[in-house]
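The values are calculated or read from the model by the stated rules, or taken from the named source; none is laboratory data. All figures in this text were calculated on a predicted structure; none of them were measured in a lab. Ideal geometry is used to build each Cβ from the backbone, glycine not excepted, and the neighbour counts take in all protein chains shown. With ligands, DNA and RNA removed, areas are computed over all heavy atoms of the protein, side chains included. Shrake-Rupley method; radii C 1.70, N 1.55, O 1.52, S 1.80 Å.
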Amino acid sequence: MAERRPVYIVGGAVRDHLLGISTIPGWPRSTPDGNLHDADGTRSQSQIPTSTTDLDLVLSGPVLPLARRVADRLGWAYYPLDVKRDVARLIGKSVDGQRIECDAAALRGDLRSDLLARDFSSNALALKLAADSSPQLIDECGGVSDVASHTLRRVSDESLSDDPIRLLRAVRLSAQLGFTIEGGTRQQISELAGTVNAVSVERLRQEMWKLLDCLRPDDGVRELDALGLLTPLLPEVKALQGVEQSSRHHLDAYEHSLLAARYAAELRDWLRGGPPPEDCILAQSLGPWTEGLRLHFCEEIAAGHDRSGWLVWHALLHDTGKARSPAVDSGIGARRQSDAGHQELSAEIAASRVRSFRFSRREVLLAESVARMHSVPRRLVNALPKDEEHIGPRAAFRFFRDAGSVVAGHQFVHGLGSDGPRQPLDGLDVTLQAVSDLQATGLERGDVWSRFLKAVEGLFRYSFSRPAEHLAAPLVDGHSLMEYLGLAPGPIVGTVLGELAEAQASGAIANVEEALKLAENLLAGDADQRESGA
């Protein structure tokens with residue numbers, strides 16, 4: 001038996017159709033004056049638009065039984081999200097294989113009341129779908145006009161106070177869509193900014209991820225600050241304002257971090273298949289490693305959170321320790337923050353902030369590792385002899401070993417392909433963070449920039465060209481070493497194993513026999529040193 005109740009598509013799907021971001025098949029876009037062209041067909045509520053992958057539907061209840069029947073009819077998954085409020089989720093695939101997620105909820109009163117209870121006018125639009133008529137656009141509060149003018153306007157005075165997540169959502173939608181937040185809405189957001197942390201952490205995390213995943217995350221952070229939301233959400237970033245840095249920097253720690261986030265977003269978008277970075281030297285340097293880097297950074301650390309998206313978070317948090325590190329006299333009557341030791345403080349702060357949003361343990365460890373190690377690539381480059389262009393394999397081994405996140409003694413590893421080797425490659429995240437960091441340092445980069453990019457190619461070459469055993473599987477374990485050399489357990493065993501690992505990484509040894517021979521030589525050399533010291 002066919003379902004006859006009208007179904008309303010509401011919110012972002014309707015807005016995005018009008019903007020041309022996505023389409024709802026069977027319904028043309030509106031004309032500039034807001035009038036809808038005639039539709040060229042009819043639709044039943046079971047015909048889910050294939051070009052729109054995230055839908056919010058409302059209809060008169062009860063919804064759960066209907067949602068289950070529709071899911072069964074379409075062969076989709078069905079989940080009762082909120083039995084008390086009569087909300088269900090359906091998940092399936094379109095004819096072209098795209099995942100579609102559809103939330104269906106019972107109307108809150110009649111349709112007008114439901115729309116007027118929403119957040120912003122551009123989201124308070126509905127498309128009525130009925131089996132016996134063409135789609136009909138319903139606009140109760142001037143949403144079509146606001147979409148046309150790219151204006152974000154609260155539906156009512158209660159819209160923001162009823163649910164403080166909408167304060168953050170306003171900034172996110174503004175950054176995501178290029179909308180301007182209307183004056184009265186801005187004022188109320190500022191007045192209510194202190195209430196945003198009353199929202200559940202999970203909802204804050206979702207909105208913050210979307211905000212920093214926008215094209216220009218630095219603009220989003222500036223808007224958070226302008227509206228008073230930066231302090232409750234990212235106080236560590238706010239604390240960087242006015243923190244002067246060493247002479248090689250042309251910006252304070254706050255402006256530097258925002259500029260680094262902008263460059264990180266450019267890398268993120270390239271890693272996701274977008275155009276190469278605007279800096280032609282950087283684009284040329286990264287070009288040969290495009291496939292490997294994209295394979296690494298497309299990995300989802302947690303659901304919906306890929307490594308490339310985390311680059312922006314790393315950029316924002318990497319210098320947060322500078323606000324707490326001791327100040328030193330610059331010699332010109334000013335006080336600058338010392339770089340010494342700020343990495344460990346930044347790592348502690350980054351881990352704490354990421355943990356506070358209840359990201360996964362793996363994400364916390366990655367943020368901590370990148371903040372702690374972000375200066376290491378630059379130090380490796382500075383330590384290179386003048387006649388060497390690339391970071392060598394032994395130094396690369398130490399770098400990737402130290403950058404790998406460890407839990408319960410086990411280093412996380414990453415698959416380079418479905419059948420490929422698995423390697424602890426968190427050092428790649430550190431390296432690209434160091435790239436965006438250096439990009440945001442100094443007005444003119446010149447030879448320093450070129451030498452840095454040439455040198456870190458050694459890290460990329462090591463990651464993608466060397467066998468996985470150089471990073472993961474030692475040729476000789478501690479038990480075999482003690483048995484062969486007649487050693488008792490002690491620190492000397494760990495020292496020798498470390499030397500063997502570095503020799504293996506550099507290609508100096510390639511099999512068990514060579515490893516044991518080197519171990520003998522190392523032990524003999526240690527004995528000679530002890531005798532000469534005596």
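Overview of values
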quantity	calculated
Complete set of residues in segment 145-154 that are over 29 Å from the mean Cα position of the chain (by Cα) and not in a helix (DSSP H, G or I)	149
Among (1) more than 24 Å from residue 211 (Cβ to Cβ); (2) in contact with a strand residue (DSSP E or B) (Cβ under 7 Å, 6 or more places away or on another chain); (3) not in a helix (DSSP H, G or I), the one test that residue 96 misses	(2)
Within segment 295-342, strands (runs of 3 or more DSSP E) holding 1 or more residues that are modelled with pLDDT of 85 or more	300-302
In segment 183-216, residue farthest from residue 154 (Cα to Cα) [restricted to those that are touching a strand residue (DSSP E or B) at 6+ places or on another chain (Cβ under 9 Å) and among the β-branched types (Val, Ile, Thr)]	189
Unique residue being more than 13 Å from residue 433 (Cβ to Cβ) and within 12 Å of the chain's Cα centre (by Cα) when the list is 273, 287, 304, 292	304
Test: residue in segment 393-408 that is on the phi > 0 side of the Ramachandran plot and at pLDDT below 80	yes
Single residue of segment 263-282 satisfying the filter (in contact with a Phe, Trp or Tyr (Cβ under 9 Å, 6 or more places away or on another chain) and free of Cβ contacts under 8 Å to residues at least 24 places away in the same chain) that is least open to solvent (accessible area, probe 1.4 Å)	277
Test: residue 103 is open to solvent by less than 40 Å² (accessible area, probe 1.4 Å) and at positive phi	no
Segments classed as helices (runs of 4 or more DSSP H), wholly inside segment 155-262, with at least 2 members that are buried (at least 18 other Cβ atoms within 10 Å of the Cβ) and among the acidic types (Asp, Glu)	217-226
From the options 129, 57, 125, 115, residue that is in contact (Cβ under 8 Å) with a residue 40 or more places away in the chain and farther than 22 Å from residue 169 by Cα	129
Pairs, first more than 21 Å from residue 300 (Cβ to Cβ) in segment 349-375, second surrounded by fewer than 18 Cβ atoms within 10 Å (Cβ to Cβ), C-beta under 7 Å, six or more apart	372/344; 373/402
Conditions (1) modelled with pLDDT of 95 or more; (2) closer than 30 Å to residue 200 by Cβ: number failed by residue 362	(1)
Qualifying residue in segment 220-231 (condition: in contact with a helix residue (DSSP H, G or I) (Cβ under 6 Å, 6 or more places away or on another chain), aliphatic (A, V, I, L, M) and modelled with pLDDT under 95)	no
Residue tally, condition part of a helix (DSSP H, G or I) and open to solvent by less than 40 Å² (accessible area, probe 1.4 Å), over segment 115-144	6
Of the criteria (1) outside any helix (DSSP H, G or I); (2) modelled with pLDDT under 80, which one residue 469 fails	(1)
Verdict on residue 257 being out of contact with any helix residue (DSSP H, G or I) (no Cβ under 9 Å at 6 or more places or on another chain) and in contact (Cβ under 8 Å) with a residue 24 or more places away in the chain	no
So residue 106, is it over 17 Å from residue 12 (Cβ atoms), within 34 Å of the chain's Cα centre (by Cα) and of a type in the set (A, V, I, L, M)	yes
